[in-house]
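K.L.:
The structure follows.
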Amino acid sequence: MKTVLDFLKNLGLARLIILGFFVFLCAAAILLRLNLAELLTSSLARIGMWGVLVLAMLPAIVSGIGPNFGVSLGILCGLVGGLTSLEMAYRLEGVVELGGGALFFIAILVSMPFAVMTGIGYGWLLNRVKGSEMMIATYVGFSVVSIMKLAWLFLPYSSPEMAWPIGRGVRVQISLANRGITRILNDFLSFRIGDVVVPTGLLLFVALCCFLMWLFLRSKTGTAMYAAGDNPRFAEAAGVNVNRQRIVGTILSTVLGAVGILVYAQSYGFMQLYEGPMFMPFVAVAAVLIGGASVKRATITHVVVGTILFLGIQVVAIPVANAFTADWSSMGEISRKIIQNGVILYALTQAGGD
Amino acid sequence: MAPESVLKMTNIGKSYYGTTVLKGIDLEIKPGEIHGIVGENGAGKSTLMNILFGMSVIHSTGGFEGSIEVAGESVQIQSPEEAMALGIGMVHQEFMLLPNFTLTENIKLNREVLKPNPVSRIFGENLKSLDFDVMNKDARKALDRLHIDIEEYASVAGLPVGHMQFTEIARELDKTNLKVLVFDEPTAVLTESEADHLLQAMKEIAADGIAILFITHRLDEIITVCDNITVLRDGALVGHRTKAETDVYELAELMVGSRMAELAQSTRDLSEKKPVLELRNLNVRMPGERVRGVNLDVREGEILGIGGLAGQGKIGIANGIMGLFPSEGDVRLAGEQLPLNSPKESMARGLAYVSEDRRGVGLLLDSSIELNIVFSAAQNQNQFVRRWGPFSQLDSDTIRQHALKYIKDLDIRCTGPTQMVRRLSGGNQQKVCIARALTMNPHVLLVSEPTRGIDVGAKRIVLDTLRKLNEELGMTIVMTSSELGELRSICDRIAIVTDGKVAGILKPDDSDVNFGLLMSGQKAEKGA
């Protein structure tokens, strides 16, 4: 009994409410005789889609810069990689036929140098604003997304599936289907259990990223980064360059953001530019916080639990709300936003003091 | 009939997380009495006062044992507000004043005298005006009792420290129900003449029937003003003395106690040994512990103590050598110039440091014991690290073995090497810090305040460990401590730091008087 109470105490009120809400939604889905197989299928896909983006929060929190509200920078790098890869496919038509898998990895490779460079600069900036990283990160994210709206208009991409039919610039939403990138991970080794489709490749890819992160955290640099975030004065006294470790954390977060958006896009089938990346960081931040992380402390377990809970709620909430009344069709979206912003608010109030 | 005693604390005990910090303390004060409480750092003085004031740090950690009576009635003090309502006042060590308010406003803060005005007649109590005439008169009266001749309408910002202290006292005096006034190290920040003035004022306050609890470690002040004296040591009551039956020497002895006899003093003569660590004109900008031009030689194989009063700079020396605070000067280790301001360089050249700020600098509180022990060695010496090109992994098997060895050697009480350091008691946390320093196999070990805030048994183990390292491995140790008794029990020589400089170097068996004189710098110059 005591251990149960301890467990509940560790879980915290906010997470209990959310867990309760999730259970309530699932119960409602069953009572309303919704198509459970379909819900489970889209839950699995949704969880995999967001997995890497939520994982991007981990190195940021561990290195001490807090939840990376500016992961949209990484997302933009990933989108540049994706567009470049599509452009390559177009330019090389007739020379080499690049398959979906190759294009996906080219996209990741191309985005990498951008993400690393961005991470260095962004980390340097965050080292200058210690104590208000989250606020600065949020606005850096907003600003850069806005600047990139201009850039999308002027970058020299000419592939017809990207360009507007008239005028210049790239479209708001770019389909990946023509090049065979859509669901390239999801469908790899995919199988069915009854009517439930398991996106094996997608889940494996997320698991691989988590595993690599786990290995990194046990490396010499990983431990140094952890110490820099957990207790900067300790780390400094032990000969660790705290600022450098914070930059390492920022780079990793940005790189994972870039990979994350490409994983997301291949599952969704589209890349979304312009406004697209603006609010994505908030979903990732909320997910990791729901999983049990705080703005100072996070583990891979928090990432996994948070992704399952938060994205699971998103998937189940919409049809449940719709089933109650058609007039409330935006209820699912509204409840997602309430949870998302509520959880972020809760975590921020827990950040300082005791 | 007036009650015999205005404050009576009986059999007070307190423990934090299983570490007993106070036990069996009795204290009784009569109106008009000045009662001194003496004890070294960590003897339990502050904890006792926290209990008296019902501070939340006491109640949030499980309360305390024993009973408190104020004016003959048993009371349960749950918060500082309740303590104040009972007539217990406190002059804080750190000033709690609003700098841009006038003396009057500070003195009357939250107890302002109000007068009605037309608006308040309609909208109620909260909109009444302040009655500055009455307030100024009250403030003047309180300041006059202290013989302070500054205007009550001057603002506090820019006043000399001494006057701020007196403003604090005036605020307490102005409270009409004041029965007991606690002075917590009030003279620490004052100049000599200000301190004399303060002691005089205390006598006058007591003459008005207010009981005073005077906490200090300056024994001469205690003897000057106190009627009765209570001595604490290691959280226990050592004795009550009246002024007539004691003197500075007896108090010093009671305060330091028989602890010195626990370990035999060093009688080694190491003057032939060559210096291994040479400091020349070392300056360290450590806030509150500035070092201003220290010259000091540490000889190969010795245990050198660095002592002195808090704030004089003794703590800054080791922090400067390790590169934790900006420093300048010339430091040589084994004849080679040591680059300053880089912890990495200092460690690479064979120095290791156990910080005085155990929880702040010394530990990763939310990590395992084993990670804490191996961290510095892994980062700086690649011990416990397996490498493949650019990739590395910590070697968990050897880390585990190493941690188990130190848990056994240093007797770290824990549930296992993976236990979180936060859950350990202070003494065991300290052992983890020492284990980390030792893991680096240092040539010279710098240890600051190794026994601060840990219980007697653990102190013993820590000191024994240091001595053993020195004797068996020939490790040179520089130990900084506020506890003179401790330094004298294990060091070969003790440098006393006053005003950021080395005031002198003594042998452990030099007389108390010599130590005392060096610690209060000025007097030593006269004596020299």
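Where a number appears in this text, it was derived from the coordinates with a stated rule and is not lab data. This structure is a prediction, so every number in the text was calculated from the model and none was measured. For neighbour counting, all protein chains shown are included, and Cβ atoms are generated from backbone atoms with ideal geometry for every residue, glycine included.
K.L.:
How big is the Kirkwood radius of chain B, worked out from every pair of different alpha carbons and given in Å to one decimal?
P.N.:
25.5 Å
K.L.:
Which of B:D397, B:D357 comes first, and how do the rest follow, when ranked by fewest Cβ neighbours within 10 Å?
P.N.:
B:D397, B:D357
K.L.:
Continuing with the same structure: Calculate the dipole size of chain A relative to its Cα centre from +1 charges on Lys and Arg beta carbons and -1 charges on Asp and Glu beta carbons; express the result in debye to the nearest 20.
P.N.:
Roughly 680 debye for chain A.
K.L.:
For segment B:208-333, just say rounded, prolate or oblate: build the C-alpha gyration tensor, square-root its eigenvalues into a ≥ b ≥ c, call rounded for a/c under 1.5, and beyond that prolate if a/b exceeds b/c, oblate if not. Don't skip to the answer; put the middle values down first.
P.N.:
On the way: a/c = 3.43, a/b = 1.78, b/c = 1.92.
Since a/c reaches 1.5 but b/c is at least a/b, the shape of segment B:208-333 is classed as oblate.
K.L.:
Can you give the Kirkwood hydrodynamic radius for the protein assembly as shown, in Å, rounded to one decimal and based on Cα pairs?
P.N.:
31.9 Å
K.L.:
Just from its helices, what would the mean residue ellipticity at 222 nm be for chain B, if runs of 4 or more DSSP H residues each count -39500 (n - 2.57) and the sum is divided by every residue, rounded to the nearest 500 deg cm²/dmol?
P.N.:
Rounded to the nearest 500, it is -10000 deg cm²/dmol.
K.L.:
Ok, one more. Take the alpha carbon gyration tensor of chain A, find the square roots of its eigenvalues, order them as a ≥ b ≥ c, and report rounded if a/c is under 1.5; if not, report prolate when a/b exceeds b/c, else oblate.
P.N.:
Oblate, since a/c reaches 1.5 and b/c is not below a/b.
K.L.:
With +1 on each Lys and Arg Cβ and -1 on each Asp and Glu Cβ, how big is the dipole of segment B:392-496 about its Cα centre, in debye rounded to the nearest 20?
P.N.:
Roughly 260 debye for segment B:392-496.
K.L.:
Project the alpha carbons of segment B:265-401 onto their principal axes and report the range along each, largest first, in whole Å.
P.N.:
The principal-axis extents, from largest down, are 45, 35, 34 Å.
K.L.:
What is the angle, in °, between the Cα long axis of helix B:192-207 and the longest principal axis of the Cα atoms in chain B? Nearest 10 is fine, range 0 to 90.
P.N.:
It is inclined by approximately 50 degrees.
K.L.:
To two decimal places, what compactness ratio does segment B:361-441 give when its Cα radius of gyration is scaled by 2.2 N^0.38 Å?
P.N.:
Numbers: Rg = 12.2 Å, N = 81, 2.2 N^0.38 = 11.7 Å.
With N residues counted in segment B:361-441, Rg over 2.2 N^0.38 Å equals 1.05.
K.L.:
What ranking do A:M331, B:M440 get, fewest neighbouring Cβ atoms within 10 angstrom at the top?
P.N.:
Working: A:M331 16, B:M440 22.
Ranking A:M331, B:M440 by Cβ neighbours within 10 Å, fewest first, gives A:M331, B:M440.
K.L.:
Another question about this same structure. Please report the projected area of segment B:97-177's Cα convex hull averaged over all directions, in nm².
P.N.:
Average projection, Cα convex hull of segment B:97-177: 5.6 nm².
K.L.:
Determine the relative contact order of segment B:97-177: mean sequence separation of Cα pairs under 8 Å and six or more apart, normalised by residue count, in whole percent.
P.N.:
Details: 95 pairs, mean separation 34.5, N = 81.
43 percent.
K.L.:
For B:K128, list the aspartates and glutamates whose Cα falls under 14 Å from its own Cα; do not include residues on the same chain fewer than 8 positions away.
P.N.:
B:E112
K.L.:
A follow-up question, please. Could you calculate the FRET efficiency of A:F105 with A:L215 from 1/(1 + (r/R0)^6), where r is the beta carbon distance between them and R0 is 30 Å, rounded to 0.05?
P.N.:
0.90
K.L.:
Still on this model: Would you calculate a helix-derived [θ] at 222 nm for chain A, using -39,500 (n - 2.57) for each DSSP H run of n ≥ 4 and dividing by the full residue count, to the nearest 500?
P.N.:
-23000 deg cm²/dmol
K.L.:
Quick one: which of B:K274/B:K314; A:K130/B:K344; B:K243/B:K431 span more than 30 angstrom between C-alpha atoms?
P.N.:
B:K243/B:K431
K.L.:
Quick one: dipole size for chain B, taken about the Cα centre, charges +1 on Lys/Arg Cβ and -1 on Asp/Glu Cβ, in debye to the nearest 20.
P.N.:
1720 debye
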